[in-house]
Every structure is written in C-alpha cells, then in structure tokens.
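Just below is one structure, and these are the notes that go with it.
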Amino acid sequence: MNCLTKLGLIALLAVVAIGSGCAKKPKNITPIPNGYNGSAAPGSDVSQGGALRGGAGAGPGNGGRFTQPTDTAPRDLGVDPSKAAGSNELPSGNLRDGKIEDRETFKGNTVYFEYDKSSIKSSELAKIAAVAEHLKSHADASLAVEGHCDERGTEEYNRSLSERRALSIRERLVNLGVSASRVTTEAFGEDKPADLGHDESAWSKNRRGEFILLVPPSLK
Amino acid sequence: MKLPSLLQAMAICATVLPAFAAGFDAEISGQAAKSIPIALTGYTGEAAQVLKFDLEVLGFDVVPAAKAQFELKAGSGAEVQGTLVDTGNQHPLFARSYPGGSVRSQAHTLSDDVVKAVTGNTGIARTKIAYKADLGGAKEVYVSDYDGANAFRATEDRSITASPAWVPGRLALLYTSYKGGKPDVYSHDLGTGARSRVFGFNGLNTSATVSPDGTRIAVVLSKSGSPDLWVSNIDGTGLRQLTTTKEPESSPCWSPDSKTICFVSNRDGKAALYTISAGGGEMRKLSTGGILNCTEPDWSPDGKWIAFTRAAGEFTLYVVPAGGGDATAITAGEDPSWARNSRTIVFTRGRDRARRLSLLDVPTRRVKDVNRISGSCSQPSWAR
C-alpha cells in the first residue's frame, strides 16, 4: 500500500470516528463522546494483487487483540445505578489495553441463563455479587463479560441475545456499585460452546456469561 | 414475427408460463408448482452434470426425450453448444455455441439461456454466494459459485468470522470478525484483498448489510447499552441509531428501494419481525399470521416477499408477503438469502455442527444441496 492510500484510509477512519460521535441522541441515554474503539491502523490491513484476495496474512494481529493505545481514555461517568436501564453505554476505551487476561479467578462464577432469556436468575445473583466485591477491592482491575448461547437459536439472533446477556450481568454489577467504565462485554452467540453436546444438559451449560478479569501486568 | 411463430410463442406461454409467472405468487403461498420436463441429449461429463444441476434448481425435471416438453441438444463443437427445441412442435427456440472460459462456465451460460427462453427470467447460474464455514475451531468466510464450485477461502484469521453480506453489484463483502478479540465489522474488497474495519465500538458490532443502492449500511451495535439497530453511510460515517429498545435487535435486511429495513426484535418478549424507515421513525411489527419466534428475514429483490426462519426447537423457512399477512412454511432449514430472480433461496440445513448449504426453488419446493467444502457451513449470502 502506498503512502497516499494509507493516508487516505486513516483520514477516512478519522471521519468515521468523528461521525460516530455525532449520532442522534436517544432519550434517557447519555452517549459517550468519541466512542470509537481504537485507532485507524489496527483495522485497516491491506494486501495487494491477484484476482480474488483473501484477508490471509493481511496485517498483524491474526486472532490477537488490538493493543494500540486509543485516543480516548476510559473514564468514570458517575452513572446513577437507579437509572441503569437507560444509562448503560459501554466504555469508550479498550479495557484490554495492556492488561493480562485472567480466566481462572472467576471460573466458578459463570452465570447461567434460561432458554431464550437474558434476565438474571435469582440463583446466579450471589456469583455476580462476589465478582462485584472483588472489583471493589482491586481498583486496578477491569472486567470483560463474555455472553454465550446454546445452539437452538439462529446465529445472528444468538449473537445479539448473548450480548444482551452480558449486558444484563454488567447492569447488575453497576447496580452493585461497580463503575460502568470498568466493565466491557463480548458477545459470542453460539460460536464458543462450553459443552459440544446436543441435549439440554449441554445447552444449559452453554447459555452463560463468563467473567474474564483484566489485570495490569504488574499485579500478575 | 410471423403469425405461425407468434402462435407458437403464445402456445408456449399458455403451457409453461402459468407455473412461473401468473401463478408464481399463488404457488408461494399455496400448492407447489409443477416442474417442467426437459431432455438433455448428447451431453456428457461436466457439461451434463452442470446443466442437470442448474436446470433442476430452477424447477425443471431432466427426463427422457419421449416425456419431455423441451429438448436441449448438444452440438459437435469443442465448446458447449445447445439447440433448445419445443418437443410439441419441434420448433427451435435457439441454437447457440458457447466458446471461451471453462466447460463449467459454458454450461452455466447455456442453462441461463434455457431458463430465459422458457421462463423469461434472468438466470442465476453464474452468480456467487458467500458463507461461514466452521472448520473445527476456526470459522472462516468462503466465497463460491452458487452451486458450491470454485470455493475460495476469503479469510484466514483463525478466529471467528461470521455473517458475510455482499456489497450489491461489487466483488466485496462486509462481515463480522473476532480477529481483534471481539465482534467487529469489516469491509473486504475481494478484488484487491483490501480490508478495513468499519465498526469497532466496544460491545457488539455485527449483522451489517448494505442497502441495494449501495449507499448505506444497516448494522447491530450495542454501544448505547443494548443491541440496537443503527444505520450509517457506506463508509461508516453518519451513524444514526434507529431503535432504542432494551431487548435485542438482530438480522437487518433492506427493501429493494433501500427505504425500509426489516429486522428482528424481542421488544414484545418473543422474536418477531419489524420494519422501520431507514431514515428513522417508529418500528412497526410485521404480521406473520400468528407465527412466533421469527428471525433472519430476507427481502426478495422484487419487493414482494420476506423469507424468514422460525426458530422453535427446529428451524423452518417461511415466506410472508412483504406487507405482512399469512406466512407459509416452505421447508426445514434456516437463514434464507434470495437470489436476484426472487425465486431461488440459498439456506442452511442440518444440525449439530454438520450443516450444509442448500438451494430452494420456492415455487416447486425443490431442494438441492450445494457442493460441500469440508466443515459445517451456514449464514449464506447470495450476491445480487
């Protein structure tokens, strides 16, 4: 890719970032300015030539995480938990930046859901409360909540449902006093089942929300 | 046109067209249409295989000449040749030669000509599909001919790639990729290999589809705190939030005039189809005649129909008038995508991570499997 093209792409994505900040404001929701996650470079990888080109080897980060610093630093918006339903914008920065992923600490806290539901069952509340307590006493840590579904829904429906599940867990954490800017969500739909079976026993394990603790390297 | 040939043409219309034109709408919502018997004479090998597949997908039955309404006769040339004859009066409809390209491409072109001559419809034999393939771990996007031939792996990210959607009229896709660790939407030009991230907000970025006029993208984003429907310009700028429900939205598709979006929402508890103006406004529930759990709508290019998946334990394809009404169950399967002829649908069938793509001829209800690559295939999108 030549320099001009590269500059053009960066300019284009800069416009994307600016434009996205100007989205119409829905009622009861406080949008976060400059909510674009990440800089232009990590997303614009290019390879040249040939008739039909795949994305193979097209740039860094195959299967990896975006690690470039973002223009926008996460900040606490002082969200009022009583308005949780209408004030749940996701944090603007990339919470994974420079953090180490810890999947072990909250392994036993995985939250399970009813079929086709995203509301939190009362049996799961204590698991979320324990996560909230840990976050309150570890101010440097942040959290990713992974949402998952069983295979009985259709794929994109499940992707949205799994995000809604992760967001329900996040709302609960915010209600328990965890800053909304410390929790991000990652929706996997039915693409990462915990159990590969095809019966209710497997499905009940797959309808879940998992907690991934994100800690600074120095604490690990 | 001389009078005898005009009469012959009218006779053809009277015998054939009801199954395709005048009666077509009725057949979507009623009884399956009859197939058209055609004989393939003198074809061998790949040409014979391709012609049979193409014509069966479009509602023909390949039969012996004695039982045929039409006969397609091969020529003696090195390239594929065809003379199409109405067996009733032995009147030739055309006689053509197809030099250049591969045998596959020659045979596809001939079958498109047969479809055009008999039904008046533009063929689909030289169109492409894109789909998601689960290779046992990695999930990549593939592009192939509509029959599964010439499959090409468009991504090799060893991550999850999903929900491919063609940019209308271009060799380019939008899809969702987790190569950055979470679902983001990318634009991929298959001609140059150039990729760029279009939506990379925190939370969910998925189900992006381009309007038929190529100017806008409908997409599901959760950056406002819930998976909502958004619309942007084709380059991702000018983002605008269309829905503000707490419950999830999914799977937007466009009306052919690019003015209306049909999508799925759980606003009322169960998944149902809704429409909304692409410029914003109220979301309106689309009547599906009491059928619940409706997902994955796709609007036919002629604007008349919306195909969708009912997900209730099992997956079933339905078709409903675009203005709403009684929905008709067509066949078992999920995730329909219309071809440009508003007649053929590519969809997914099978379960348990051994899914395959199939082609459905809506009027005759005939289903034929697409040639399969290894892996479990789903989420087909038909280029149009």
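The values are calculated or read from the model by the stated rules, or taken from the named source; none is laboratory data. For clarity, every value in this text was computed on a predicted model and none was experimentally measured. Because the Cβ atoms are built from the backbone with ideal geometry, glycine has one as well, and the counts that use them run over all protein chains shown.
Here are a few things to note about the model shown:
- Residues located in the range B:163-181, provided they are touching a residue at least 12 places away in the same chain (Cβ under 8 Å) and either more than 19 Å from residue B:380 (Cα to Cα) or not assigned by TED's automatic domain parsing to the domain that holds residue B:141 (or both): B:179, B:180
- For the range A:146-192, the set of residues classified as in contact with a Leu (Cβ under 8 Å, 6 or more places away or on another chain) and either in a loop (DSSP other than H, G, I, E, B) or under 17 Å from residue B:205 (Cβ atoms) (or both) consists of A:147, A:149, A:153, A:159, A:160, A:163, A:178, A:184, A:185, A:187, A:189, listed by residue number.
Yes/no per residue for (1) assigned by TED's automatic domain parsing to the domain that holds residue A:216; (2) within 11 Å of residue A:210 (Cα to Cα); (3) in contact with a helix residue (DSSP H, G or I) (Cβ under 6 Å, 6 or more places away or on another chain); (4) basic (Lys, Arg):
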{"position": "A:107", "(1), (2), (3), (4)": "yes, yes, no, yes"}
{"position": "A:126", "(1), (2), (3), (4)": "yes, no, no, no"}
{"position": "A:129", "(1), (2), (3), (4)": "yes, no, no, no"}
{"position": "A:136", "(1), (2), (3), (4)": "yes, no, no, yes"}
{"position": "A:148", "(1), (2), (3), (4)": "yes, yes, yes, no"}
{"position": "A:184", "(1), (2), (3), (4)": "yes, no, no, no"}
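- Given (1) surrounded by fewer than 18 Cβ atoms within 10 Å (Cβ to Cβ); (2) within 10 Å of chain A (Cβ to nearest Cβ), index of the condition residue B:207 fails: (1)
- Residue within the range B:214-236 that is under 20 Å from residue B:168 (Cα atoms), under 23 Å from the mean Cα position of the chain (by Cα), in a loop (DSSP other than H, G, I, E, B) and more than 14 Å from every other protein chain (Cβ to nearest Cβ) present: yes
- Residue in the range B:238-255 that is more than 7 Å from chain A (Cβ to nearest Cβ), assigned to a strand (DSSP E or B), crowded, with 22+ Cβ neighbours inside 10 Å and among the β-branched types (Val, Ile, Thr) present: no
- Any hit, the range B:267-281, residues being surrounded by 23 or more Cβ atoms within 10 Å (Cβ to Cβ), within 10 Å of another protein chain (Cβ to nearest Cβ), modelled with pLDDT of 95 or more and assigned to a loop (DSSP other than H, G, I, E, B): yes
- Just one of the numbered conditions (1) more than 27 Å from the chain's Cα centre (by Cα); (2) at pLDDT below 95; (3) within 22 Å of residue B:150 (Cα to Cα); (4) not aliphatic (A, V, I, L, M) is not true of residue B:88: (3).
- One residue stands out in the range B:146-168 among those that are among the hydrophobic types (A, V, I, L, M, F, W, C) and facing chain A (nearest Cβ under 8 Å): the one that is farthest from the chain's Cα centre (by Cα), namely B:160.
- Which listed residue, of A:204, A:119, A:162, A:168, is hydroxyl-bearing (Ser, Thr, Tyr) and away from chain B (no Cβ under 13 Å): A:204
- Pick from the range A:91-105, criterion in a loop (DSSP other than H, G, I, E, B) and more than 13 Å from the chain's Cα centre (by Cα), ranking: nearest to the other protein chains (Cβ to nearest Cβ): A:99
- Residue count, the range B:351-372 (criterion: assigned to a loop (DSSP other than H, G, I, E, B), surrounded by fewer than 20 Cβ atoms within 10 Å (Cβ to Cβ) and away from chain A (no Cβ under 14 Å)): 3
- Checking each residue of the range B:123-132 against the condition of being out of contact with any His (no Cβ under 7 Å at 6 or more places or on another chain), buried (at least 23 other Cβ atoms within 10 Å of the Cβ), within 7 Å of chain A (Cβ to nearest Cβ) and not hydroxyl-bearing (Ser, Thr, Tyr) gives no match.
- Among the residues listed as B:348, B:316, the single one being assigned by TED's automatic domain parsing to the domain that holds residue B:215 and either buried (at least 24 other Cβ atoms within 10 Å of the Cβ) or part of a loop (DSSP other than H, G, I, E, B) (or both): B:348
- Filtered residues of the range B:179-193 (kept if assigned to a strand (DSSP E or B) and either of a type outside the set (Val, Ile, Thr) or within 7 Å of chain A (Cβ to nearest Cβ) (or both)): B:184, B:186, B:187, B:188, B:189
- Considering B:171, B:110, the condition of being crowded, with 16+ Cβ neighbours inside 10 Å, more than 9 Å from chain A (Cβ to nearest Cβ) and on the phi < 0 side of the Ramachandran plot is satisfied by B:110 alone.
- Flag if residue A:182 is at the interface with chain B (Cβ under 9 Å from one of its Cβ atoms), farther than 18 Å from residue B:377 by Cα, among the basic types (Lys, Arg) and in contact (Cβ under 8 Å) with a residue 24 or more places away in the chain: no
Every residue, every condition in (1) of a type in the set (S, T, N, Q); (2) buried (at least 16 other Cβ atoms within 10 Å of the Cβ); (3) closer than 20 Å to residue B:379 by Cα, yes or no:
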position: A:154; (1), (2), (3): yes, yes, yes
position: A:168; (1), (2), (3): yes, yes, no
position: A:175; (1), (2), (3): yes, no, no
position: A:217; (1), (2), (3): no, no, no
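- Selection status of residue B:196, among the small types (Gly, Ala, Ser), in a strand (DSSP E or B) and in contact with a helix residue (DSSP H, G or I) (Cβ under 8 Å, 6 or more places away or on another chain): yes
- Yes/no for residue B:304 being modelled with pLDDT under 95 and either within 11 Å of chain A (Cβ to nearest Cβ) or farther than 27 Å from residue A:153 by Cβ (or both): no
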